[in-house]
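Visitor: One structure, pasted below without further comment.
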């Protein structure tokens, strides 16, 4: 561990980009223009499923003011039969068809053409003049409809069990033999659950501004969770080499996974190339809701067997997740994470990737894991009830710990799951009295966390301050964490550290802001780069003092002789050494590029209280506590912020958020009015208890924290509702009409 | 119908612009006037990211026609700080980490300022209901509400 | 505005009527009633020193139209002319017995609020007519009104059901009552049988249940993204009881 004192790490410093964001100066994706900018618009399919027989753009191209029109013909094709071309977890065969429909339109909102014109109004008018000849096909949106016999098949080439199918793939994690395990069980509980598709709900719609010079040099200004992803995908879909594309990361107005793929950038690039003008494209909220990635709706069945004393002996989960128009639902998260908090000898966890006629899913905060945890954590609650055990005690009895082999592969190192359970049990919230029609629920959750590629440059300015450049867009305050760490290592005031996010042509490759990787990975490369700089500074001081570099230490922002034996010298500060740099070997800086390893999984345990208006079926969350093993909280406020934000999203998912489709297969609530994300008056304060079990594989002990907090929420809310009403809900959202209907239904004795 | 000539005051400064009759105030601010601090999240008055004040009354600039600014006083996020000195709300939002991505922050601050002008001593419930028209997807609102309450307390203290 | 922005409507001419004095004024009439300009915003109404004391239910309803940002602009007049069956101010105005003044090319006329909506998005105003003001009648002693709506969240939603109740109590007995019901039929409704059920009673459980039943019976709702038929019908009854209780408490406070 490099950190010996704690002057800055753990401090609630002011974020480097803060003033820009409270004064309105920060430039987000839609906030910039270039001279001569024209506007791009997308023509989208009105049909859930249709063969595109022809597209005639002649009338649109003839409209005065129209500068360019593009269709799928202009996008680089990745033929399906040639096999997968992967970029990260995305297969470019689907990506090229998602940004622009080729032979078939697969969901309402699927782009079929794009236009650039001198004004937004002309571009919109031109879209109407494009003639698309559709052969409308039968469609299926819900999982059951996509799986039944005779269902319309989205991808005719796909076979499952030898037959044409919308099941695009199956994934399993296995440990032991569940048949053997369930034989040992004294009690078995098996339940089925359903969740609706929900959107990430970032407030900033997708937007970009792109110019392509006559020689092909391309500048992309857009907000995303990865400027390198934008560059690579745009390159692959347009044929422009990556070396010619400078993707500049604008400030990003929320992503939550939804901005880990491209929608507009390839289209705007092609429009800019054709027109010779900078092209700006901004989605409307309706376009965001119809055509960008929500996460999957799901159906799952979970079966858990235990001994009378609460020891879980076997578990089986089957998770069916809607992928939308193209393969790629987050079954890995559902399969791998759901049982990970528990040490269970026999596990089979299976996931099925189901295509249907709605927009292709995009990642959403711990993709798949909340869906799986909702089912598993609700069954555990029933198990605890049946065994008359405290639900936290049941989890403690079966908790994964150092040495537990998870079904998805790894053997856990030192982890903090048990600590989260103990902290929850001892939290005053857990013992607080409840009123009438109130209930309390608990649930736990796990997320893998990611490491991966990260690059950073640390440069000492001529006046002795520091500029850190990293390659991961900062969504939630990561620059503040980096500044804390760099200031700590250099022993200087954190205000002397400026942290910026580089564009693709000025900083080394850095993978997506996703997988809860950013602070983990970037602090690793920044630490190594800073260590290199400290080594340089010691060498320079040693040279000036004419002593051995080993006899120089770096402390409190200056070089000192390690001991009086090394000689008596006045310390040389960072500013001193920067000033002397020209005569002592030149500029001081270091860059480090790594494929970071050792991002260990994260665990959280949540406590939720609800109150139910039984006459109207309204559920309100009245108290909430999120406990999480965060490794090391470099900037506690932004760690808490991740927990609080994840909880709020989970409460929305549990209670009111859902995609609602009309009889024509279109989203009926494509706006913030009827897609009901929690508003300020819906929520209580969200308490956080940060458990710090440092990650042994990270210089500062950092673990990813951003995704875990969404995982337990829906189960915690559902378990609280059961505690209040003695009634379980097996499908989300628990919206007032559904709750009311269930409460009014004649009581049926649930057969065990 | 030609463009309309509008004479108005934005953040205390006289301004003139031309607009189409159907153009929104948000379009005019972000376009011709170059004030991009007000954000467009929905264009339907549901997210509050475009909040401004019109003669000290809080409005969504996406629901106001640009032409309506004629003769009135407009204030935007760009007018909240005084020169280099941040407004106490801005300072408190920074100290409390009451923003993550920052896209809702302009609207939150403008709305919070309007609240404290009307009600210098709001309860938590009053803050929450006042800010219900400002969506934030990152923070769960906790730190925002705390920042507003604490600013109110400090401003009351300072005014004594 | 929203419809214009999304291209749903394409006006040939936009006229700002908010500068017409009569449409933006709140005046107390000689007989003790109120005349409220059709373009008076919810915020302006709430800043009036007397209105909210006399018609707290109407004020609540007008100030449930959208967020604080919207309340600074939105008016009961716009809410009524929008023709939505779910407009919050409409059931409260119906319960209040409000009458609107309409100005047309050939003169003025007065229409009861409940007669203005013609169906979703449609009104009985003729082409060229504009809504000028609402006239609310004088309040006898012992009167109170209230408005409640059911929404899934705590704010920012369109009413799934909205109910306005206005009543007068004398020695604990209800002497007058009107019930307006929204979002359960193509237009907001005056539910006369509900009012009748309350009149003459001491607002006991039987009377409230009879009024609730009248509200349920008046419902002709649809299943949509905001609620089901069954849920809306049930909720209409629940809200009647809760709203009447608030109105009665306010009436008793006079």
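None of the figures in this text is laboratory data; all of them are computed from the coordinates on show. Small disclaimer: the values here were computed from a predicted structure and weren't measured. All Cβ positions, even for glycine, are placed from backbone atoms using ideal geometry, and neighbour counts span all protein chains on display.
Visitor: Find how many whole Å separate the alpha carbon centroid of region B:1-20 from the alpha carbon centroid of region A:527-601.
Guide: Answer, in whole Å: 57.
Visitor: Could I ask something else about it? Run the Debye formula on the Cα coordinates of region B:88-159, all scatterers equal and no solvent, and tell me log10 I(q)/I(0) at q = 0.11, 0.12, 0.22, 0.26 1/Å.
Guide: -0.21, -0.25, -0.89, -1.28
Visitor: Name all residues of region C:213-243 having a backbone nitrogen under 14 Å from the label point set 7 Å from the Cα of residue C:196 along its Cα→Cβ direction, giving them as ranges.
Guide: C:213-215, C:217-218
Visitor: Kirkwood Rh and Cα-based Rg: tell me the resulting Rg over Rh for chain B, rounded to two decimals.
Guide: 0.98
Visitor: Would you calculate the volume per residue, in Å³, of the smallest convex hull containing every Cα atom of region B:4-79?
Guide: Dividing the Cα hull volume of region B:4-79 by its residue count gives 71 Å³.
Visitor: Would you mind getting me the FRET efficiency between residue A:149 and residue A:172? Use the beta-carbon distance for r and R0 = 25 Å, nearest 0.05.
Guide: 0.55
Visitor: Using bins 10 angstrom wide from zero, how does P(r) for region A:152-281 break down, in % of all Cα pairs?
Guide: Taking all Cα pairs of region A:152-281, the binned fractions are 11, 26, 20, 21, 13, 7, 3, 0 percent.
Visitor: Between the helical axis of C:205-218 and the dominant principal axis of chain C, each derived from Cα atoms, what acute angle in degrees is found, rounded to the nearest 10?
Guide: In chain C, helix C:205-218 runs at an angle near 40 degrees to the longest axis.
Visitor: Now, a different point. Between region A:114-138 and region B:99-160, how many Å separate their Cα centres?
Guide: Taking the Cα centre of each part, region A:114-138 and region B:99-160 sit 43 Å apart.
Visitor: Given a Förster radius of 56 Å and the C-beta distance between residue A:62 and residue B:119 as r, what FRET efficiency does 1/(1 + (r/R0)^6) yield to the nearest 0.05?
Guide: 0.45
Visitor: Kindly state, as a whole number, the per residue volume in cubic angstrom of the convex hull around the alpha carbon atoms of region A:61-131.
Guide: Enclosed volume per residue, from the Cα hull, is 113 Å³.
Visitor: How much length, in nm to one decimal, is gained on full extension between residue A:727 and residue A:131, taken as 0.36 nm per residue of separation minus their Cα-Cα distance?
Guide: So the extension gain works out to 209.2 nm.
Visitor: If you don't mind, another one. Take the Cα of residue C:29, step 7 Å along the line toward its Cβ, and report every residue of region C:178-198 whose backbone nitrogen sits under 18 Å from that point.
Guide: C:178
Visitor: How many nm separate the modelled label positions at residue C:106 and residue A:388, each set 7 Å beyond the Cα in the direction of the Cβ?
Guide: 8.3 nm
Visitor: Using 17 Å as the cut-off for backbone N distance, which residues of region A:588-613 belong to the label zone defined by a point 7 Å from the Cα of residue A:535 along Cα→Cβ?
Guide: A:588-595
Visitor: Hey, fewest Cβ within 10 Å first, where do A:215, A:531 land in order?
Guide: A:215, A:531
Visitor: For A:190, B:40, what's the fewest-to-most ordering of other Cβ within 10 Å of each Cβ?
Guide: Fewest to most other Cβ atoms nearby, the residues stand as A:190, B:40.
Visitor: Using the number of other C-beta atoms within 10 angstrom as an exposure proxy, rank C:93, A:289 with the fewest first.
Guide: Ranking C:93, A:289 by Cβ neighbours within 10 Å, fewest first, gives A:289, C:93.
Visitor: How big is region C:204-254 by Rg and Dmax over its Cα atoms, in Å?
Guide: That works out to 12.8, 41 Å for Rg and Dmax.
Visitor: As I understand it, the value is the acute angle between the Cα axis of helix B:105-118 and the longest principal axis of the Cα atoms of chain B; what does it come to in degrees, rounded to 10?
Guide: Value to nearest ten degrees: 70.
Visitor: Could you estimate the translational diffusion coefficient of region A:201-343 from the Stokes-Einstein equation, with Rh from the Kirkwood formula over C-alpha pairs, at 10 °C and 1.306 mPa s, in whole µm²/s?
Guide: Estimated diffusion coefficient is 89 µm²/s.
Visitor: Report the equivalent ellipsoid semi-axes for the protein assembly as shown in whole Å, largest first, defined as the square roots of five times the eigenvalues of the gyration tensor built from alpha carbon atoms.
Guide: Working through the eigenvalues yields semi-axes of 49, 37, 33 Å.
Visitor: Given all pairs of different Cα atoms, what value in angstroms does the Kirkwood hydrodynamic radius of region A:553-632 take?
Guide: Result for region A:553-632 stands at 19.4 Å.
Visitor: Give me the distance between the Cα centres of region A:650-676 and region C:127-151, rounded to whole Å.
Guide: Result: 33 Å between the Cα centres.
Visitor: Quick one: Debye curve from the C-alpha atoms of region C:108-254, no solvent, what's log10 I(q)/I(0) at q = 0.14, 0.17, 0.19 Å⁻¹?
Guide: -0.70, -0.98, -1.13
Visitor: When a/c is below 1.5 the answer is rounded, else prolate if a/b is larger than b/c, else oblate, so apply that to chain C with a ≥ b ≥ c taken from the square roots of the Cα gyration tensor eigenvalues.
Guide: Cα axes put chain C in the oblate bin.
Visitor: How big is region A:335-449 in terms of Cα radius of gyration and Dmax, in angstroms?
Guide: Answer for region A:335-449, Rg first and Dmax second: 16.1, 47 Å.
Visitor: Shifting gears a bit: For the protein assembly as shown, what proportion of DSSP beta bridges, expressed in % and rounded to the nearest 5, is antiparallel?
Guide: Bridges in the protein assembly as shown that DSSP calls antiparallel: roughly 85 percent.
Visitor: Limiting things to C-alpha atoms, what are the Rg and the maximum Cα-Cα separation (Dmax) for region C:1-105, in angstroms?
Guide: For region C:1-105, the Cα radius of gyration and maximum Cα-Cα distance read 14.1, 46 Å.
Visitor: Which percentage, to the nearest 5, of the DSSP beta bridges contained in region B:4-79 is antiparallel?
Guide: Bridges in region B:4-79 that DSSP calls antiparallel: roughly 90 percent.
Visitor: May I pose another question? Among C:195, C:172, C:164, which one moves the most in a GNM of chain C with springs linking Cα atoms closer than 10 Å?
Guide: Most flexible of the set in this elastic network: C:172.
Visitor: Right, another one. Based on DSSP H runs of at least 4 residues, each adding -39500 (n - 2.57), what is the mean residue ellipticity at 222 nm of the protein assembly as shown after dividing by all its residues, to the nearest 500 deg cm²/dmol?
Guide: Counting only the DSSP helices, I get -8500 deg cm²/dmol.
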